[in-house]
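Below you'll find the structure, written out as structure tokens, and then a few comments.
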Amino acid sequence: MYGFINTCLKSLVIEKYGEETWDLLRLKTGVQDTFMTYEVYKDEITLQLVDKACQMLGVSPEAVLQQFGEYFFEFCKRSGYDHMLRTLGGNLYEFIANLDALHSYLSLSYQAMNAPSFRVEVNDDGSMHLHYYSDRRGLCHIVPGIMGAVAMDFFKTEISMKIISQSDEEERTGKKEHIVFLVTQRSAIPPKPKPTPSSQQIKKQNFEKTLNKFRDRANQVSVCPIKRKNHWGTIRGIVQLGKGKMLRGFLPVYPNNLWVDVKTFCNGLPFHIVFDEELRIKQAGVSIQKIVPGIQIMGIRLDQYFNTVHPEVTLTISNVRKFINSQFVFRTRREMMPESWKNRPMLELRGQMIWMESLQCMLYLCSPLLRSLHELEERQMHISDIAPHDVTRDLILLNQQRLAEMELSNQLERKKEELRILSKHLEEEKKKTEALLYAMLPKHVANQLKEGKRVEAGEFKECTILFSDVVTFTNICAQCEPIQIVSMLNSMYLRFDRLTNVHDVYKVETIGDAYMVVGGVPIPVSTHAERVANFALGMILMANEVKNPVTGMPIQIRVGLHTGPVLAGVVGEKMPRYCLFGDTVNTASRMESHGVPNKIHLSPNSYRCLKDKEFEIAERGEIDVKGKGKMCTYFLIQNLTAKENEILGRPTKETDSGRESSQSLHDELNKKDSETPCPPVMQEDLTQEVLPTIPMQYADRPLITNKERSPGMKDLPGKLRDSRSHKSLHLTTQQSQDKQINRGVVTESRPPSGNVRSHFCSLL
């Protein structure tokens, strides 16, 4: 089938059921998204689409095909075939009778079209028998949908169609499936009841009749009789009588003798054949005799030189009379053609059959079936071989121009499809680029940079910063190969990066084995300390899954937390980074460097933020911190209310006891990964990608979202630093040098009244 059919089916699914249904249907059938109008596709594609649509929508194939038939009629009208369809006939019978002629015309453009064939018979009771012939089985239910839509739209009638017989005609050369529909129709517009005349109206009508009688008598007396009328006066009187209404009863007049001699008839109609009931040729036009010299022998059988192309039946007089209202297409037999035609395409004739009762012969008025000048040249024929009155001349020239327009349209569709695919790939690459950019910078900061805006440095009054490093990392590097170090750090950072999505904290950077995270920046939240604390607990758990390449034992990490104000901004032009500045960063780094392996070291400020929350905290005591002097620090032990799987962002069960279900899920994924031949490190990385990430629930919400802030959004409260006084804290682009730049604003969190407690709800 041509892509026009599949495009119609796609349009039906999208219009009736939505684009998501089409995408799902397309994925289930494995077909492409776009079909070229003039390109031929396998019938299996359309049949698969119909079959899967029935399964998805839970509808019978008959209902789907009938709905497709109704929509196909509307789709053809919208595609420019409206006027062509309306002029096929003045009633449903004429419309169906001319469908084959329409398909024959369309085959000039759609040369590979294999359209069904239709034949209609009128019964005595006004019903019709519609004969449907097709090579495609199982699609007959499209016909009631099409015919019902045509009858209602063009002729304002409602029809009912019922299959009364279904058979395979083996004697046919093609379109063997033969289905007969019984078509009954009734008007969709109820007739208006005739108003009953009143007594006054009856009296008025009687008075007018009496008055007209007197007028007629007066006219007969006053008019002088005409003795003789000329010829034109008689004709004028016939035409004017009844204002032309007499023409409805027109009866043709035939001469006593045919005033055309045989020679003139054969030259004037160069393509015609007269044959009798035994298919013996009695007469033929001069052009057919020239191309097929054998039929000059009068009495030769027609089926010896021609095959029937349409209708696809054996060439017998009974079949010809059965399909006499159809167009007949004959093709010359190659074995009967002269030697000069051996390497040429065979000649096809298309025309009408007329039964001559008085002669008991059939007249075949035909023309050569040629679609373009190229086909004319292939057969070494010329325009002069066709009679001047034959519209085939104009049809060849017009169709040549139409074929050129179709080729341009086809090229345009292909270019359009290529642009659509390129646009889709570009959108995918754009998403990858944005994902990489958002991994390097906060989303709203990255959006400002993409728009060429200057990102101002902002001051955050309170946030929590975390530093971590690997214990004895220097010794590990000295005893291992570089690739082992890279694999170990990659395995560890994959797990840590996953935790940032669980607790919604911002990863600032990694330098070697050092990992830096901040909560409350760049999106201020009131639970920044709780988020970072839970993230630190998850880091300790995840570090136990990473092996030391030297000892084979789990690695040990130190973690330090500190809470305080910072200044944040974008630095650099080549590789811009969102960095934090201030004494809070230094203090957090000191907490990490003065920490203990596998312990979370808290500063006094962080302790004050977490002491009233659901955390177990142990006092370390007073220690000497480099550059800070004496400080009383603390160790974060555990979260008293959250389970380990909640902290790690893994799914939990109602009977989950904590780490057991998490470990079993991890073991199951490791077992699946072990079935494929991958290195151990690669298996661990794949496991981390397969594990689902479930964000942990917190009591607060961000004061601003990660989405791009609209230009008209008012600046949120927060203290700004002038970018001109901090040249290293902004990024200047070439496009923004000559523009006036609006100052970007980073908001600060407003501490709520009372204590903010975190709540861990059951995960979905």
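Give the distance, in whole Å, between the Cα centre of the range 103-142 and the Cα centre of the range 402-480.
Comparing the Cα centres of the range 103-142 and the range 402-480, I get a distance of 55 Å.
Just to confirm my numbers, what's the Cα centroid distance between the range 513-586 and the range 250-276 in Å?
Here the answer is 102 Å between Cα centres.
Contour minus end-to-end for residue 435 and residue 259, with contour as 0.36 nm per residue of separation and end-to-end as the Cα-Cα distance? Intermediate results must be reported in sequence, preceding the final value.
On the way: separation 176, 0.36 × 176 = 63.36 nm, distance 8.82 nm.
This chain segment gains 54.5 nm when fully extended.
Once amide H atoms are placed 1.01 Å from N in the peptide plane, what residues at a sequence separation of 5 or more from residue 157, or on another chain, have their amide H within under 5 Å of its amide H?
Close amide H contacts, sequence-distant or interchain: 152, 188.
Gap in Å between the Cα centre of the range 37-99 and the Cα centre of the range 284-324?
First find each Cα centre; the distance between them is then 34 Å.
Taking amide H positions as placed in the peptide plane 1.01 Å from N, state which residues far from residue 471 in sequence (5 or more) or on other chains have amide H under 5 Å from it.
Close amide H contacts, sequence-distant or interchain: 556, 557, 558.
Could you sort 409, 384 by their accessible area in this structure, using a 1.4 Å probe and putting the largest first?
On the way: 409 40, 384 90 Å².
Result of the area sort, largest leading: 384, 409.
Explain nothing, just compute: Karplus ³J(HN,Hα) = 6.51 cos²θ - 1.76 cosθ + 1.60, θ = phi - 60°, for every residue of the range 371-388 in order, whole Hz, x for Gly and Pro.
Calculated HN-Hα couplings, in order: 9, 7, 5, 5, 5, 5, 5, 4, 8, 6, 10, 10, 4, 5, 6, 9, 4, x Hz.
Would you list 601, 594, 374 from the most to the least accessible area, probe 1.4 Å? Provide the component values of the computation, followed by the final result.
Working: 601 0, 594 50, 374 105 Å².
Accessible-area ranking of 601, 594, 374, largest first: 374, 594, 601.
Sort 59, 455 by heavy-atom solvent-accessible area, probe 1.4 angstrom, most to least.
Working: 59 50, 455 5 Å².
Result, largest first: 59, 455.
Quote the FRET efficiency, to the nearest 0.05, computed for residue 574 versus residue 421 with a Förster distance R0 of 45 Å and r equal to the Cβ-Cβ distance.
After rounding to 0.05, the efficiency reads 0.85.
Once a ≥ b ≥ c are taken as the square roots of the eigenvalues of the Cα gyration tensor of the range 54-93, is the result rounded (a/c under 1.5), prolate (a/b larger than b/c) or oblate (a/b not larger than b/c)?
Numbers: a/c = 6.70, a/b = 2.22, b/c = 3.02.
Since a/c reaches 1.5 but b/c is at least a/b, the shape of the range 54-93 is classed as oblate.
Distance in nm between label sites at residue 398 and residue 298, each 7 Å beyond Cα in the beta-carbon direction?
Distance between the two pseudo-spin positions: 3.8 nm.
Which far-off residues, 5 or more places away or on another chain, put their amide H under 5 Å from the one on residue 283, with H placed in the peptide plane?
Those lying under 5 Å, H to H, from residue 283 are 274.
Under the Karplus relation 6.51 cos²θ - 1.76 cosθ + 1.60, θ = phi - 60°, what is the ordered set of whole-Hz ³J(HN,Hα) values for the range 20-25, x standing for Gly and Pro?
5, 5, 5, 4, 5, 5
Can you list the HN-Hα couplings for the range 81-90, worked out from phi with the Karplus curve (6.51, -1.76, 1.60; θ = phi - 60°), rounded to whole Hz and with x for Gly and Pro?
Once rounded to whole Hz, the list reads 9, 5, 5, 5, 6, 5, 8, 5, x, x.
The values are calculated or read from the model by the stated rules, or taken from the named source; none is laboratory data. Computed from a predicted structure; not experimentally measured. Ideal geometry is used to build each Cβ from the backbone, glycine not excepted, and the neighbour counts take in all protein chains shown. Accessible surface is based on the protein model in full, side chains and every heavy atom, while ligands, DNA and RNA are left aside. Shrake-Rupley method; radii C 1.70, N 1.55, O 1.52, S 1.80 Å.
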